[in-house]
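Trainee: Structure in structure tokens, see below.
Since every read-out is calculated from the coordinates, none of them should be taken as a lab result. All values derive from a computational prediction rather than experimental measurement. We place every Cβ from the backbone using ideal geometry, glycine too, and count neighbours over all the protein chains shown.
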Amino acid sequence: MFNVGVTGARGRMGQRIIRLAKEEETLNVVLGLEKKGHPDIGKTIDGVIITDSQDEINSCDCLIDFSHPSATIENLEYLLKFKKCAVIGTTGFNKDQLNKINEASKVIPIVFSPNMSVGVNLLFRLIKDAAATLNGYTAEIEEAHHIHKKDSPSGTAKRIMDVINEQNFNIKVEEIKAIRDGEIIGDHKVVFDSIDDRIEIIHKAKNRDIFAKGAVIAAKWIANKDKGLYSMDNVLFKS
């Protein structure tokens, strides 16, 4: 049995990850981590103890982290201390924080992705193939999310930009169209345009379960992996 902990355990994403992980025969949810002062601290909910003590990270084999960049980096210190692995779906890291994740992966195994969705990671591969094929086309990126999302443009849109730019395009972050409206879960669109035709590749999330399911898949995958920095591409297509 592989013991997992979940950050933001009482948030919408955390609750879904816990429920989906509990359905897996090979996973055992032993920790629900929350920020200090949360009203559910000290309670046992659905069989999971809710705590604000990062020392409890020692009780799990893997921490699934969808939190805030600063909180993720704090958690990373305990993961290194206890030699535990991590699945990180947090976005909005600065360069220094990204370097810390990279350095930590030299000691522990980490799956790190701006989007854990199986569909979105297939989207990355389709966009890569399209960008490699469509010489002479221009490319545009558009993303839309709910008004509560803090980072803009999204980490997924930035990853799409990197995938396209690896094929000699020159899209800049400020050129990504980012929309914040209502309660949109997450929409991403790439347009390749030429004088002859227009190709659109679109992914629309219907609910947050796609991210939670991907995180659970990643946690199962990383169970027996050596130290290193892995992506969802590794999890889904290069195991």
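Trainee: Residue by residue, what Karplus-based ³J(HN,Hα) values in Hz, rounded to whole numbers, does segment 227-236 have, using 6.51, -1.76 and 1.60 with θ = phi - 60° and x for Gly and Pro?
Mentor: In residue order, the calculated couplings are 3, x, 9, 10, 10, 5, 4, 4, 4, 8 Hz.
Trainee: Quote the charge dipole size of segment 118-204 about the Cα centre in Debye, to the nearest 20; the model charges only the Cβ of Lys and Arg (+1) and of Asp and Glu (-1).
Mentor: Value, rounded to 20: 320 debye.
Trainee: Grab the DSSP H runs of the chain that are 4 residues or longer, score each as -39,500 (n - 2.57), total them, divide by all residues and round the 222 nm result to the nearest 500 deg cm²/dmol.
Mentor: Numbers: 7 runs with 81 residues, N = 239.
Computed ellipticity for the chain at 222 nm equals -10500 deg cm²/dmol.
Trainee: Stretch Asn28-Lys106 to full length: gain in nm at 0.36 nm per residue minus the Cα-Cα span? Kindly include the intermediate steps, with their values, before the conclusion.
Mentor: Details: separation 78, 0.36 × 78 = 28.08 nm, distance 2.61 nm.
Roughly 25.5 nm would be gained on extension.
Trainee: Okay, moving on. How many nm is it between the label spots at Arg12 and Arg198, if each spot is 7 Å from the Cα in line with the beta carbon?
Mentor: Distance between label points: 3.1 nm.
Trainee: Treating the angle as unsigned and between 0 and 90°, give the value, to the nearest 10°, between the Cα long axis of helix 69-82 and the longest Cα principal axis of the chain.
Mentor: 50
Trainee: Using alpha carbon centroids, what distance separates segment 96-136 and segment 11-63, in Å?
Mentor: 26
Trainee: Per-residue HN-Hα couplings for segment 115-130, Karplus 6.51 cos²θ - 1.76 cosθ + 1.60 at θ = phi - 60°, whole Hz, x for Gly and Pro?
Mentor: Residue by residue, segment 115-130 yields 8, 8, 5, 4, x, 5, 6, 5, 4, 3, 5, 5, 5, 4, 5, 5 Hz.
Trainee: If R₀ is 30 angstrom, what is the calculated FRET efficiency for the pair Lys95 and Lys128, using the beta carbon separation as r and rounding to 0.05?
Mentor: Numbers: r = 24 Å, r/R0 = 0.79.
Taking R0 as 30 Å, the efficiency between Lys95 and Lys128 is 0.80.
Trainee: Another question about this same structure. What list of ³J(HN,Hα) values in whole Hz, one per residue of segment 89-106 in order, does the Karplus curve 6.51 cos²θ - 1.76 cosθ + 1.60 (θ = phi - 60°) give from phi, with Gly and Pro shown as x?
Mentor: After applying 6.51 cos²θ - 1.76 cosθ + 1.60, I find x, 5, 10, x, 6, 8, 4, 4, 5, 4, 5, 5, 5, 4, 5, 5, 5, 7 Hz.
Trainee: Mind giving me the nanometre distance, one decimal, between the label points for Lys225 and Asp151, set 7 Å out from Cα along Cα→Cβ?
Mentor: It works out to 1.8 nm between the two label points.
Trainee: To the nearest 20 Debye, how big is the dipole of segment 43-101 about its Cα centre, given +1 on the beta carbon of each Lys and Arg and -1 on that of each Asp and Glu?
Mentor: With only Lys, Arg, Asp and Glu charged at Cβ, the dipole is about 200 debye.
Trainee: About its Cα centre, what dipole magnitude does the chain give when the only charges are +1 on Lys and Arg Cβ and -1 on Asp and Glu Cβ, stated in debye to the nearest 20? Could the numbers behind the result be given before it?
Mentor: On the way: 33 positive and 34 negative charges, 100 e Å.
Magnitude of the dipole: close to 480 debye.
Trainee: Longest span of the chain, sites excluded, free of trypsin sites (Lys or Arg not before Pro) in DSSP loop with at most 15 other C-beta atoms within 10 Å?
Mentor: Details: sites that count: Lys35, Lys36, Lys43, Lys83, Lys106, Lys150, Lys172, Lys206, Lys227, Lys238.
With a cap of 15 other Cβ atoms within 10 Å, the longest stretch comes to 107-149.
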